[in-house]
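Chemist: Please see the structure below; I have some questions.
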Amino acid sequence: QVHLVESGGGSVQPGGSLRLSCAASGSIYSTDILYWYRHAPEKEREQVAIIWNSGVINYLDSVKGRFTASRDDNKQTVYLQMNSLNPEDTAVYYCVLRRASRDYWGQGTQVTVSS
């Protein structure tokens, strides 16, 4: 069982930045695949970033160049650096760990971008 806790969300003005963290209970294995998702009201859930166990990171087109995902397995933590935020980025952000075909979700952290 893996327990994930996100933090770092909040309210920010357009153009601002936030850094989300996702701390895992226990170890993050090098074979784990890590994801950031977001879900805005009345919109479908979106996969924001996927951190493959190869080290390759793929991003949602709308966040490319603005968001940077990373993982620190030694600290059992995953990060999402978000820059140049705009109101369309407003959502609850979730981190997900996939291990042995099973997904573990965090509780989510709210990000609100408004002036």
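The values are calculated or read from the model by the stated rules, or taken from the named source; none is laboratory data. Everything quoted here is computed from the prediction, not taken from an experiment. Cβ atoms come from the backbone with ideal geometry, glycine included; neighbour counts cover every protein chain shown. Calculation scope for accessible area: heavy atoms of the full protein, side chains included, ligands and nucleic acids excluded. Shrake-Rupley method; radii C 1.70, N 1.55, O 1.52, S 1.80 Å.
Chemist: Please determine whether any residue of segment 78-96 is open to solvent by 10 Å² or more (accessible area, probe 1.4 Å), modelled with pLDDT of 95 or more and more than 30 Å from residue 115 (Cβ to Cβ). Reasoning before the result, please.
Modeler: Let us first name the residues in segment 78-96 that are open to solvent by 10 Å² or more (accessible area, probe 1.4 Å), namely 79, 81, 83-84, 86-88, 90, 92, 94.
Imposing the further condition that a residue be modelled with pLDDT of 95 or more reduces the set to 79, 81, 83-84, 86-88, 90, 92, 94.
Still in the list and also more than 30 Å from residue 115 (Cβ to Cβ): none.
No: zero hits.
Chemist: Output the residue which, of all residues in segment 1-15 that are part of a loop (DSSP other than H, G, I, E, B) and open to solvent by 60 Å² or more (accessible area, probe 1.4 Å), is modelled with the lowest pLDDT. It would help to see each step written out before you state the result.
Modeler: Residues of segment 1-15 part of a loop (DSSP other than H, G, I, E, B): 1-3, 8-9, 13-15.
Pick out the ones that are also open to solvent by 60 Å² or more (accessible area, probe 1.4 Å) and you get 1, 3, 13-14.
On the way: 1: 82, 3: 95, 13: 98, 14: 98.
Once the filter is applied, the top-ranked residue is 1.
Chemist: Among the residues that make up segment 81-91, is at least one of them at positive phi, of a type in the set (S, T, N, Q) and in a loop (DSSP other than H, G, I, E, B)?
Modeler: For segment 81-91, residues at positive phi, of a type in the set (S, T, N, Q) and in a loop (DSSP other than H, G, I, E, B): present.
Chemist: Which residue pairs have Cβ atoms closer than 7 Å, lie 6 or more positions apart in sequence or on different chains, and pair a first residue in segment 95-115 that is assigned to a strand (DSSP E or B) and of a type in the set (D, E, K, R) with a second residue that is surrounded by fewer than 17 Cβ atoms within 10 Å (Cβ to Cβ) and modelled with pLDDT under 95?
Modeler: 99/29
Chemist: Filter segment 50-80 down to the residues that are assigned to a loop (DSSP other than H, G, I, E, B) and over 12 Å from the mean Cα position of the chain (by Cα) and list them by number. So that I can check it myself, show each step before the final result.
Modeler: First, the residues of segment 50-80 that are assigned to a loop (DSSP other than H, G, I, E, B): 52-56, 60, 64-66, 76.
Answer for segment 50-80, where residues must be assigned to a loop (DSSP other than H, G, I, E, B) and over 12 Å from the mean Cα position of the chain (by Cα): 52, 53, 54, 55, 56, 64, 65, 66, 76.
Chemist: Given the structure, is residue 107 open to solvent by 60 Å² or more (accessible area, probe 1.4 Å) and over 22 Å from residue 26 (Cβ atoms)?
Modeler: It is false that residue 107 is open to solvent by 60 Å² or more (accessible area, probe 1.4 Å) and over 22 Å from residue 26 (Cβ atoms).
Chemist: Among residues belonging to segment 36-61 that are touching a Lys or Arg at 6+ places or on another chain (Cβ under 7 Å) and within 26 Å of residue 74 (Cβ to Cβ), point out the one that is most open to solvent (accessible area, probe 1.4 Å).
Modeler: Looking at the filtered set, the residue picked out is 37.
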